[in-house]
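A.B. asks: Quick one: the structure is below, questions incoming.
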Amino acid sequence: MVLFRRNRVPGGTYFFTVTLRDRSSDLLVASIDRLRYAFQTTRHERPFFVDAIVILPNHLHAIWTLPADDADYAGRWRALKSRFTHLLRFQGVPLQADARGEYRRWQRRYWEHTIRDDEDRQRHMDYIHYNPVKHGLVNRVADWPFSSFHRLVKRGWLPLDWAGGSIIDAPGDFGE
């Protein structure tokens, strides 16, 4: 078994890429209300702040900040992914269990990066918000509905035409 080393910093801020096992699926946007409920319920039980997020058809990117005395993002992801899968089953979405009784909608692992400073945070936020354009889902960032970009526009922190039609220079693959 491979031992993954995760950086656990109480109160830390982390960038994540979490992916469905079936990369051709559109389940995350097709079931956006279930995913939102899974997030809300998990955040209620085990608080964390969502600094930025984008939901794409088969994966999502997010930046979370945990409470000052807590570093358990893994438990939160486990709860969130499990809750989403149970909601799908409860509402009749056909899911096939494997030999272990697991439904395996999600890839087992995810990409995690500890945000180091304000510049690192900003680069990852830009990457998150530009991702739907990068994947060819829309021509403008503002046209993708499943993004925290709209929250930042409402607060006056970003203009509606942010990134226009140009490509953001975001070095690194950020887990994709």
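The values are calculated or read from the model by the stated rules, or taken from the named source; none is laboratory data. Every value quoted in this text rests on a predicted model; they were computed, and no experiment measured them. Methodologically, a virtual Cβ is constructed for each residue, glycine included, from the backbone with ideal geometry; neighbour enumeration extends over all protein chains shown. All accessible areas refer to the heavy atoms of the entire protein, side chains included, with ligands and DNA or RNA removed. Shrake-Rupley method; radii C 1.70, N 1.55, O 1.52, S 1.80 Å.
A.B. asks: Computed over the Cα atoms, what is the radius of gyration of region 1-76 divided by 2.2 N^0.38 Å, N being its residue count?
C.D. replies: 1.18
A.B. asks: Which peptide among 120-132, 14-26 comes first, and what is the full order, when sorted by highest mean count of other Cβ atoms within 10 Å?
C.D. replies: So the order, starting with the most tightly packed, is 120-132, 14-26.
A.B. asks: Using a ≥ b ≥ c from the Cα gyration tensor of region 15-128 (square roots of the eigenvalues), is it rounded, prolate or oblate, where a/c under 1.5 gives rounded and otherwise the larger of a/b and b/c decides, a/b for prolate?
C.D. replies: prolate
A.B. asks: Run the simple label-point estimate for residue 78 and residue 111 please: 7 Å along Cα→C-beta, distance reported in nm.
C.D. replies: 2.4
A.B. asks: Grab the beta carbon distance between residue 155 and residue 41, set R0 = 25 Å, and tell me the FRET efficiency rounded to 0.05.
C.D. replies: The computed FRET efficiency comes out at 0.50.
A.B. asks: Using Cα centres only, tell me the gap between region 114-149 and region 2-35 in whole Å.
C.D. replies: 15
A.B. asks: Which value, in Å² rounded to 10, gives the accessible area of residue 155 with a 1.4 Å probe and all protein chains present?
C.D. replies: Rounded to the nearest 10, that gives 120 Å².
A.B. asks: Roll a 1.4 Å probe over the protein heavy atoms and report the accessible area of residue 110 in Å², nearest 10.
C.D. replies: 40
A.B. asks: Hey, another quick one. Could you sort 154, 134 by their accessible area in this structure, using a 1.4 Å probe and putting the largest first?
C.D. replies: Largest to smallest exposure gives the sequence 154, 134.
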